[in-house]
Amino acid sequence: MRSLRSYALVLALLPLAFAQTTPGSAPDPDGFYDVASTSLKRLESSPKLMFPPELSAHEVADRVVVAVTIAPDGTVKTVKVVSGRYRELKETVEKTVRKWAFQPYLVSGAPVPVRTDLTFNFDNTLEHYRSPSGEAPVHLDEKSSSVLAVKKIAPVYPHEARQDRIQGTVELRLIIGEDGFVQFLHVIQGPPILAAAAYDAVRQWQFKPYVENGKVVPVLTTVNVNFALAYTH
């Protein structure tokens, strides 16, 4: 599935400052100091967390939390996913954080092992879209936006889905630009085997530019693409 453009925002609720534990703090029975993530500073040489490309064409919002232990030298020892809904996001966070390094955490001037939780917010939705001219899209329901369509490409029924007689509906969310072309397109839900075909068809659709108060504005809407096989005896 080839994405038109990625609109993913990845917000890592990560350490922004370096601090030491307060006098009197003590390690847990395993020898680790439990600290807030804001008490740590990640080294700039650590790899950047990237949004998984396989999800770039999907409407995704999720928060992934990982429990991390860090050695006295600042290297990450263990990473365990605590929460998160999407497997791809959890795997990306886990693999990336394992390669991170932090400034050593000091207690009374000596580096110590620490344990903390890191939180990552992923937002690959179209709610934040603004056109190049700064316009927010007008929300239209499917019936209203369908009236604007001037070119609709029918999806090609996937051969494997046809063989296995898989039917269903794929729901997509799209941004129609001021020029009437599809600017952004996300799959919301539907059988995975049919999603790519629906996506490839809808991204070629064209619409009449939408005018509101005498001004052409972008549109945010949804489309349902149905896949149905003829009944045979």
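Here are the numbers for the structure shown:
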| quantity | calculated |
| --- | --- |
| Relative contact order computed over the chain (Cα-Cα under 8 Å; 6+ residues apart), in percent | 22 |
| The chain: angle of helix 192-202 to the longest principal axis, Cα-based, in degrees nearest 10 | 60 |
| Most mobile of Glu91, Glu54, Glu160 in a GNM of the chain (Cα contacts under 10 Å) | Glu160 |
| ³J(HN,Hα), Karplus 6.51/-1.76/1.60, whole Hz, each residue of the range 155-167, x for Gly, Pro | x, 8, 5, x, 4, 5, 5, 5, 4, 8, 6, 8, 10 |
| Calculated diffusion of the range 9-124, Stokes-Einstein form, Kirkwood radius summed over Cα pairs, 4 °C and 1.567 mPa s, µm²/s | 88 |
| GNM top mover of Asp30, Asp123, Asp62 - the chain, alpha-carbon springs below 10 Å | Asp30 |
| Cα pair distances in the chain, grouped into 5 Å bins until the bin that holds the longest one, percent each | 1, 6, 12, 14, 12, 10, 9, 8, 7, 7, 5, 4, 2, 1, 0, 0, 0 |
| Distance cut-off 14 Å, percentage of C-alpha pairs in the range 138-227 lying past it | 62 |
| Amide H contacts under 5 Å for Ser46, placed H, 5+ residues apart | Ala101 |
| Hits among lysines - C-alpha to C-alpha of Lys95 under 21 Å, sequence gap 8 or more where chains match | Lys41, Lys48, Lys77, Lys80 |
| Distance from the range 190-224 to the range 90-111 (C-alpha centre basis), Å | 43 |
| Fraction of antiparallel bridges per DSSP, the chain only, in percent to nearest 5 | 90 |
| Note, ³J(HN,Hα) from phi for the range 203-219, Karplus 6.51, -1.76, 1.60, rounded to Hz, x at Gly and Pro | 5, 9, 5, 10, 9, 6, x, 8, 10, 10, 6, x, 10, 6, 10, x, 10 |
| Mean separation of Cα contacts under 8 Å, 6 or more apart, over the residue count of the range 9-124: relative contact order % | 40 |
| Listed residues Gly31, Gly84, Gly180, most fluctuating in the chain (Gaussian network, C-alpha, under 10 Å) | Gly31 |
| Cut-off under 5 Å, modelled amide H: who pairs with Gln183 long-range | Ile175, Ile176, Gly177 |
| Computed helical MRE - 222 nm, the chain, DSSP H runs ≥ 4 contributing -39500 (n - 2.57), nearest 500 | -3500 deg cm²/dmol |
| HN-Hα J in Hz across the range 178-185 - Karplus 6.51, -1.76, 1.60, θ = phi - 60°, x for Gly and Pro | 4, 8, x, 8, 6, 8, 9, 8 |
| Angle in degrees between helix 87-97 and the longest Cα principal axis of the chain, rounded to the nearest 10 | 30 |
| Modelled FRET efficiency - R0 41 Å, Ala101 with Ile193, Cβ distances, 0.05 increments | 0.50 |
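Every number here is computed from the coordinates shown, using simple stated rules; none is lab data. These figures come from a predicted structure and were not determined experimentally. Positions of Cβ are generated from backbone atoms using ideal geometry, with glycine treated the same way; all protein chains shown enter the neighbour counts.
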